[in-house]
Each structure stands twice: as structure tokens, then as C-alpha cells.
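The values are calculated or read from the model by the stated rules, or taken from the named source; none is laboratory data. Note that this is a predicted model, so its numbers are computed, not measured. Glycine gets a Cβ as well: all are built from the backbone with ideal geometry, and neighbour counts include every protein chain shown.
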Amino acid sequence: MLDMKHTLNSILLAGTFFLVGCNSTQSNIQVDQSLADNAFFKQHKVETQNDVFRLDSKITSKLTSYFNDGPPHLSQAEALMQFLVDNGEASMAYQSNANLTASEAFDNLNANCLSLSILAYSLSEFLGFDGQFQRVHIPEYWDQTQGYSLLTGHVNLVVSEANRSLGAAHVLYSKPKSITIDFDPNSREQDFPVSNITKNRILSMFYSNKGAMALIDKDYDLAYSYFKAAINTDPYYSGAWGNLGIVFRVTGFEQQAEQVYKQALALNPQNSNVLGNLALLYKMTDREAAGDQILARLDDRRKSNPYYQIVKGNEAISANKLSEALAYFRQAKKLDSRLHDSYFGMAKVYYLRGEIELSKHYLSKAYEYSNYEHDRTRYQGKLQWLQAVAKN
């Protein structure tokens, strides 16, 4: 697993991003932040917390003008947030590389869910509401970005009315009304478990996303700078440690990578992403049996996950193992018949086999089951192209 493609298949991104929960309490875990130090990398300046969450004066002026009739009510804030949801879904691809600050995301809604959640938090804070980030415990999911498969996760935001003063009196014992802002329609439709996470964890995720895109671009100094910032912001974020380990591994610091992976696993022993990377490192360093043992456990754990079957199918296509790829995509469809990715995978296999009519059939199914406009546009374009090919 030395090649860059396999390396990046194991990166965890936070926005669409995130990891499996930690079984240990953070207070009982020793964190050695010196493990993140490496003098061979040039440190770059990264965005501060204020840079990431700040709303520029143009935005605050618009908000002040919009809410000029008095303090905003939650129903008004909900309308504003719904605007973000509606306009975001119409244009954005939840691209893992669209990692924007709050002000950038306001100007360009083609952002990932993390950046839009940061924007929603900053808007709600400016309007006087309480914002609480939540991790959404979705199954492991892999996204395609610039030709790479990236393991992702998801967050949303709960916006609540704070108890407000009424003259000298206070409203007591009233639970603040709240709304949940979630930029993923799949997450909104399904009742996934959630858990609260801090603003620092969100900032750490933002840095991790930026670092991952720098790693894709092979800008290792910048990637290191972002992952180091993520760890400094939230030393207990296992995902940041895992991504830093990848930087060390691909730049030849294998011993340091192993130490960093083990720090990540101390924080979250169930972190499948880090376990997979540690297994690959074992195999690279002549510890095949130890690596294979971990990979076998992970494969067994993931067999019931349709997204994992899709990843395996795409890997089989890359290896020109088309029959194997088709079996993986069919298994993904069997596990969840609503996923457009499995139909698209089958369409790719049939196209490579020269079976154009079957490819068109499964592209149509992918179009039917897709949720986002950008996916539907992509499938429609491929269908039109196939139809033109079939006529010639």
C-alpha cells in the first residue's frame, strides 16, 4: 500500500468527515503531543478560529437589515437556515475539497456539510441563538474526490432559543425551542444516533479536511501544518492523529507514523481508518501476518456495509477484475437497493465489457436513486453520451 492512491483511500475527511466513537474516557488517556513534532517539515500559517467562524461586515449588515424589526425569533432563523439548506442542495456536491470559512461559505454555497454547518453556527450566534454541533453516527461512507476514495463522516447543528429576560423577570423551567440544521437529506430522513461535539472539535475537523486536500496535492508541508494545527486545537481527536500518521508514512517517517497511529488508537481503539493504516504499515515493514490479521478483522466488520462493497468494487475495476467488481456492486445493491453508487458501479462494469444497453439501464437506475442535482446532472450527461455512442 505504498502508492498514493491506496494511501488516500484510507484518509479520513471531516466535512463530510468523522470517525467511530471512542470507548474510553478522554480524562483517562495520556496524550503525548510531542509525537506530532517533526523538524523536517516547513510550518505554514493556517487560518485561526476567528478566521474560520467570523462573518464579514457585508454579511452582518445584511443580517442586521433583515432583522430590523427587533430580536429575531427562531421561526425567522429557521427560514434563514432553510434558505441555506435549499440553495446548498441545489448547487453543492458535498465536495470534500470545498472547505470554506463561514464568510466564504455564505458567498459560495457550493461547500461541504462541515463548512455549511460552521456558517449556520456563526449565523445563529450572531442572531443571539445557542448553537450545538452534533456528530451524526452514520455508517462508514466513502466519497470520491479528485479520483480518490475518502472515508467520510457527518455533523449537523442544533440551534436553540436561549431563555430570554422579560424586563426584570425571567422565564424559568422552560426548555428552549430548537431546530436541527442538517445539510444531508439522507441524514435528515434517517434517525441516526447523535452526540454533542465541541467547537474545538469542529475546528480540528476543518483543519483535518484542509490537510487532507493538501495531502492529495502532495503538498506535505502544508498537510503537516494543518494536521498539527488540528492536534493542537483538539489533542483528543483521533482522526487528526490518524491523518498525521499518513503524512509521516508517505514521507518516509515510518517509525514516527506507527507511534502516531498508536496514539490515535489509544484515543479511539475502534477507529477502523487508523487500524487499516496501521495494518498497511505493518505489511510495508515486513510484518505481513500482523497486518493481514487486522485487515481480515476489518473486512469481516465491514461486510454488512454497502458502501464498503462499493469501494471494493471500484478497487476491482482499477485492477481490471470486472467480474469481481460486479459481484461487489451486486452485494452492495442487495444490502441497500436505494444507493445510486452501486448502480453506477454496475453501469461502469457493463460499459467496460462493451454491453452498452445494460450500462444505459443501470445508469438510468443510478439517476433514479440519486439525491443531489449534481449527481443527476452527471448521470444524465453520461446517459446522453451513451445514447450517442449507441447510434454510431
TODO: Would you check if there is a residue in segment 260-268 being modelled with pLDDT of 95 or more, in a helix (DSSP H, G or I), among the basic types (Lys, Arg) and closer than 27 Å to ASP51 by Cα?
DONE: no
- [ ] Scan segment 270-290 residue by residue and report those that are under 24 Å from the mean Cα position of the chain (by Cα) and either among the acidic types (Asp, Glu) or under 17 Å from LEU244 (Cα atoms) (or both).
- [x] ASN271, SER272, ASN273, VAL274, LEU275, GLY276, ASN277, LEU278, ALA279, LEU280, LEU281
Open item on the list: Residues that are within 28 Å of LEU339 (Cα to Cα) and surrounded by fewer than 23 Cβ atoms within 10 Å (Cβ to Cβ): does segment 263-270 have at least one?
Closed with: yes
- [ ] Pick out the one residue from PHE53, PHE106, PHE41 that is under 30 Å from GLU258 (Cβ atoms) and either at pLDDT 75 or above or of a type in the set (Val, Ile, Thr) (or both).
- [x] PHE41
Open item on the list: Residue under question is VAL158, and the condition is that it be at pLDDT 90 or above and either more than 29 Å from GLU125 (Cα to Cα) or buried (at least 24 other Cβ atoms within 10 Å of the Cβ) (or both); does it hold?
Closed with: no
TODO: Just give me the residues in segment 234-252 being within 10 Å of MET205 (Cα to Cα) and surrounded by fewer than 24 Cβ atoms within 10 Å (Cβ to Cβ), in sequence order.
DONE: ASP234
Open item on the list: I need the full set of residues from segment 231-274 which are out of contact with any Leu (no Cβ under 7 Å at 6 or more places or on another chain) and charged (D, E, K, R), in order please.
Closed with: ASP234, LYS262
Task: Cβ-Cβ under 7 Å pairs, at least 6 apart or on other chains, segment 350-376 side in the same structural domain as TYR328 (by TED's automatic domain parsing) and among the basic types (Lys, Arg), far side surrounded by 15 or more Cβ atoms within 10 Å (Cβ to Cβ) and part of a loop (DSSP other than H, G, I, E, B) - done: ARG376/SER370
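Per-residue answers, yes or no, for (1) assigned by TED's automatic domain parsing to the domain that holds ASN156; (2) among the small types (Gly, Ala, Ser); (3) assigned to a helix (DSSP H, G or I):
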{"residue": "ASP191", "(1), (2), (3)": "yes, no, no"}
{"residue": "SER204", "(1), (2), (3)": "yes, yes, yes"}
{"residue": "LYS210", "(1), (2), (3)": "yes, no, yes"}
{"residue": "LYS218", "(1), (2), (3)": "yes, no, no"}
{"residue": "ASP221", "(1), (2), (3)": "yes, no, yes"}
{"residue": "TYR224", "(1), (2), (3)": "yes, no, yes"}
{"residue": "PHE227", "(1), (2), (3)": "yes, no, yes"}
{"residue": "ALA240", "(1), (2), (3)": "yes, yes, yes"}
{"residue": "LEU244", "(1), (2), (3)": "yes, no, yes"}
Open item on the list: For the condition of a type in the set (A, V, I, L, M, F, W, C), surrounded by 18 or more Cβ atoms within 10 Å (Cβ to Cβ), under 27 Å from TYR372 (Cα atoms) and modelled with pLDDT of 95 or more, what is the one hit in ILE181, ILE231, ILE216, ILE202?
Closed with: ILE202
TODO: Tally the residues that are of a type in the set (Phe, Trp, Tyr) and over 15 Å from SER238 (Cα atoms), restricting the search to segment 191-213.
DONE: 1
- [ ] Give the residues of segment 248-263 that are aliphatic (A, V, I, L, M) and in contact (Cβ under 8 Å) with a residue 60 or more places away in the chain, sorted by residue number.
- [x] VAL250, VAL260
